[in-house]
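Before any comments, here is the structure.
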Amino acid sequence: MSDKDEQLRELFLAEASDQYDELNTLITRLEKNHKDREVIEAIFRITHTLKANAAAMGFDAIGKLSHLLEDIFSVLKKEEMTMTSSLCDTLFKAIDKIGELLEGIRTGQKVSYRGLQVRLKVILEKNNNPHKFIPTTTTKEETNVASQKEEKDEKRKEEITDVKQEEKPPKVEEKKISSPSKEVKKEAHPTASLPQDSGTNHNMALSDRIQVPIDKLDVLMNLVSELAIEKDRIITNSNRLGRNEFTRLYRITSDLQYSVMGVRLVQIDVLFHKFHRIVRDVAALEHKEVELVLEGTDIEIDRNVLQTISDSMIHLVRNAVSHGIEDEVDRQKSGKQETARITLRARNEKEYVAIDVEDNGKGINPEVIRRKAIEKQLDPPEYVGMLSDKDVIKYIFEPGFSSADKVTAVSGRGVGMDVVKKGVESIGGKVFIHSELGKGTKFTLLLPSSMAVKNALLFIVNDAEFAIPLSYTEAVTSVERKQIYKVANGLMTLYQDRTIPVIFLDDLFSCEKKEQLYHKKLMHQSFDQSTEVISLNVIVVAVEDTFVGLVVDKLLQQKEIIEKPLSKPLDTVPFVSGATILGSGNVCLVLDIPDITDFLLKPKLKMTAVV
């Protein structure tokens, strides 16, 4: 395939992926209102365009299915056919098949489609010649039988056709491919992976392409031009430069950096609109009536952040439908409307983007969570009994934890919420839960708006430089040594009238083996050796509502860093999330604060509970 053909193929896949997403959203709307003419006409236009583009590229399977869908919606437009729930189910399967065919083009995998093609033909034939079909109640069964029979009869033909298509390169008619205007096409929406019949195994993968408006590229190009000019000026006048001469260079490079970051930003509706189909499928499987409400869809966020949290969002939404929403009988007893509501809300909070996943269901019962935590022996019963309701609810983030009494296609396997927490924290985000029994639950994801640059606090421990993301930094303070107390095997101090644990990072990093981390006197080593020190530098970090004091040798500065993950075999090193290179050329490790707090608190709390 020539470079030009490959470009046209990528353009087709980008547009077809957008159309696939839009068809899923529109048919979900049509299922709720069968007479929505605006939706019917929109689907008709999309299938017409998809048919023409697929035919021009030589993708006959997509072209044939799109043509049949176009014919069906043409009949619906003329009100010569009535939309039914059964027809909606078949349309969803047809859209799913188009998604599989698109994925097949990318991977080279063959996808069978003729059975569904026959089913759509039968629907059209039944509408055009109703007397040929008896009685209407058995039409669906007849359709399935006909589909299976013809699919078997044509299986050999399909294989022969596939071979011929491989030998014959697809026709390329550039004039028939609709192209975007005033934008550089870089695939605006993520490409959904293959939907499953159960409607529960949805995965989301954002492609490597996004839409970039021309004006953003113009700004980027102008800044690059300025930077090249400024570089030449500095080289020419290097002997006569003073410190102030670098001010303009610093400004240009900063503007260039943030412009590049701006190109990576996408509106969050890229992700949000995919959940119409997921909510519909899971609600149908659970026999519940659920509507999805989207708010703040114009908020912009880094495309890589969306890619990272897509799995977390799927788990949260599926759990909201499965666990959060009551069945119809329970909602009636509670005096609630039969149709439940799930809200996806995005908003800006300072330098973060907050995403709420909220339902108006039954809420989380802390006593049920408490009982399950004891049954699974996650912690000693004495410790679990001491926890507040708010802290007990956090057990849902434990690996393998599930409050479901039975395993279904959606829930009960104990897989999901721990993935949410790890996924969000891996990018420096936080997860908060607010639940009110009988009224509903709200999960809030606090995410960095960009992964390209992080604000960090730099410090020194044992002559080595380290960094902590500012998103976890609560305060920097000086604490007198006499204000730090030994408690059991750890250290404690007061911070704003609350007792918080303290650890000398040098003690943590001096361990050569993993077993040494659990030595009883580990937390006391540096403290016992610092008898002549009057005050200590302490960084107070916060993970959710948990505060921890980290004692360091010297504080340096607040700085923007570009964090890179550690490659194998260093990717499994505890307490470290990545590394960055400083202006001095030194490598600086970035600490994993959630990992440190988990290590510091959990063993101590379990031990305290046992005592």
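The values are calculated or read from the model by the stated rules, or taken from the named source; none is laboratory data. All of these numbers come straight from a predicted model, not from anything done at the bench. Don't worry about glycine lacking a Cβ; one is built from the backbone with ideal geometry, like all the others, and counts go over all protein chains shown. Accessible surface areas use protein heavy atoms only, side chains included; no ligands, DNA or RNA. Shrake-Rupley method; radii C 1.70, N 1.55, O 1.52, S 1.80 Å.
Residues in the range 49-60 that are open to solvent by less than 20 Å² (accessible area, probe 1.4 Å) and over 31 Å from the mean Cα position of the chain (by Cα): 56, 57. Could you please give the count of residues in the range 22-48 that are crowded, with 17+ Cβ neighbours inside 10 Å and in contact with a Ser or Thr (Cβ under 8 Å, 6 or more places away or on another chain)? Result for the range 22-48: 4. Look at the range 381-399: where a residue is within 21 Å of residue 432 (Cα to Cα) and a partner is aliphatic (A, V, I, L, M) and surrounded by 19 or more Cβ atoms within 10 Å (Cβ to Cβ), sitting 6+ places away or on another chain with Cβ atoms under 6 Å, you get 384/373; 392/369; 393/364; 393/369; 395/369; 395/373; 396/417; 397/417.
With respect to being farther than 19 Å from residue 422 by Cβ, hydrophobic (A, V, I, L, M, F, W, C) and surrounded by fewer than 20 Cβ atoms within 10 Å (Cβ to Cβ), residue 321 falls outside the description. The test for being of a type in the set (D, E, K, R), under 30 Å from residue 443 (Cα atoms) and surrounded by fewer than 16 Cβ atoms within 10 Å (Cβ to Cβ) holds for residue 498. Which residues, taken from the range 73-110, are in contact with a helix residue (DSSP H, G or I) (Cβ under 8 Å, 6 or more places away or on another chain) and not in a helix (DSSP H, G or I)? Residues satisfying the conditions are 80, 81, 83, 109, 110. Being under 29 Å from the mean Cα position of the chain (by Cα), assigned to a strand (DSSP E or B) and closer than 21 Å to residue 425 by Cβ is the filter here, so list the residues in the range 546-586 that pass it. Answer for the range 546-586, where residues must be under 29 Å from the mean Cα position of the chain (by Cα), assigned to a strand (DSSP E or B) and closer than 21 Å to residue 425 by Cβ: 546, 547, 548, 560, 561, 564, 576, 577, 578, 579, 580. The condition (being open to solvent by 50 Å² or more (accessible area, probe 1.4 Å), free of Cβ contacts under 8 Å to residues at least 24 places away in the same chain and not aromatic (Phe, Trp, Tyr)) is satisfied by just one residue among 78, 64: 78. Check the range 102-115 and report whether any residue there is modelled with pLDDT of 85 or more, polar (S, T, N, Q), under 30 Å from residue 294 (Cβ atoms) and open to solvent by 30 Å² or more (accessible area, probe 1.4 Å). So far as the range 102-115 goes, no, none of its residues is modelled with pLDDT of 85 or more, polar (S, T, N, Q), under 30 Å from residue 294 (Cβ atoms) and open to solvent by 30 Å² or more (accessible area, probe 1.4 Å). Within the range 1-46, the set of residues being under 23 Å from residue 275 (Cβ atoms) and of a type in the set (S, T, N, Q) comprises 17, 19, 24, 25, 28, 33. If I go through the range 440-471 residue by residue, how many of them are outside any strand (DSSP E or B) and either touching a helix residue (DSSP H, G or I) at 6+ places or on another chain (Cβ under 9 Å) or of a type in the set (Gly, Ala, Ser) (or both)? Here the count works out to 7. Residues in the range 81-99 that are surrounded by fewer than 19 Cβ atoms within 10 Å (Cβ to Cβ) and among the acidic types (Asp, Glu): 1 in all.
Each row is one residue, and each column tells you yes or no for (1) among the hydrophobic types (A, V, I, L, M, F, W, C); (2) surrounded by 21 or more Cβ atoms within 10 Å (Cβ to Cβ); (3) within 18 Å of residue 30 (Cα to Cα); (4) touching a Cys at 6+ places or on another chain (Cβ under 6 Å).
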position: 253; (1), (2), (3), (4): no, no, no, no
position: 265; (1), (2), (3), (4): yes, no, no, no
position: 285; (1), (2), (3), (4): yes, no, no, no
position: 295; (1), (2), (3), (4): no, no, no, no
position: 298; (1), (2), (3), (4): no, no, no, no
position: 304; (1), (2), (3), (4): no, no, no, no
position: 309; (1), (2), (3), (4): yes, yes, no, no
position: 313; (1), (2), (3), (4): yes, yes, no, no
